[in-house]
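The values are calculated or read from the model by the stated rules, or taken from the named source; none is laboratory data. Keep in mind that this is a model prediction, so the values were computed, not measured. Cβ placement follows ideal geometry from the backbone for every residue including glycine, while neighbour counts extend to all protein chains displayed. What goes into the accessible areas is simple: the full protein's heavy atoms, side chains included, and nothing from ligands, DNA or RNA. Shrake-Rupley method; radii C 1.70, N 1.55, O 1.52, S 1.80 Å.
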Amino acid sequence: MVGRGPGDRRPQSGRLSPGATLDPVSSYVFRSQWRLPARPDRVYEALADVERYPAWWPQVRRARRLDDGSGELTCRSLLPYDLVFVMHRELEDSERFVLRARLEGDLNGTSQWSVTPDGDSTVAVFDEDVAVGSGTLRAAGRVLRPALRFNHDLMMRSGERGLRRYLRSGA
């Protein structure tokens with residue numbers, strides 16, 4: 001995320017690697033890039049409306065607002081468990097099209113969307129630097145690491161497809 005030093009090596013799109021935190025078994029850095037056929041303001045608006053994520057992102061099973069600056073998400077992909085975490089808004093910049101949140105719960109850390117125009121399309125970059133908070137997942141970290149990588153990649157590809165359909169529908 002923001003403020004990393006010269007030793008930072010970001011993973012390629014959709015890749016999972018040990019994060020910058022102290023526990024390399026339960027820490028992850030994700031980066032995904034979505035190219036979307038819509039205006040940046042429209043993409044930003046859809047990404048900022050977290051409560052609507054379940055309408056277009058199949059793995060986001062539930063999103064509920066807790067207050068003006070936070071909400072709870074429940075996500076589930078192929079692995080047989082739900083990830084439940086609270087997102088606390090840290091930045092919502094509609095001029096630069098940047099959204100950043102602090103996560104607490106089954107995932108702890110930060111996530112950020114950066115939306116930029118690119119010709120006739122828009123690029124949305126998702127960066128996440130998290131540690132697994134769940135005792136069960138943390139304990140099985142080494143064994144589950146490849147499954148978590150696969151699970152995350154699947155979820156991000158599905159999210160991109162879902163957002164494309166959502167944007168085309170004009171919802």
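The table below lists the values:
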item	result
Members of the range 87-119 found to be open to solvent by less than 20 Å² (accessible area, probe 1.4 Å) and of a type in the set (Ser, Thr, Tyr), listed by number	111
Count - residues of the range 70-127 that are in a strand (DSSP E or B), touching a residue at least 60 places away in the same chain (Cβ under 8 Å) and over 15 Å from the mean Cα position of the chain (by Cα)	5
Pairs with Cβ under 7 Å, 6+ apart, first in the range 152-166 and surrounded by fewer than 16 Cβ atoms within 10 Å (Cβ to Cβ), second part of a helix (DSSP H, G or I) and aromatic (Phe, Trp, Tyr)	165/56
Considering residues of the range 120-139 that are modelled with pLDDT under 95 and touching a helix residue (DSSP H, G or I) at 6+ places or on another chain (Cβ under 9 Å) only, the residue surrounded by the fewest Cβ atoms within 10 Å (Cβ to Cβ)	137
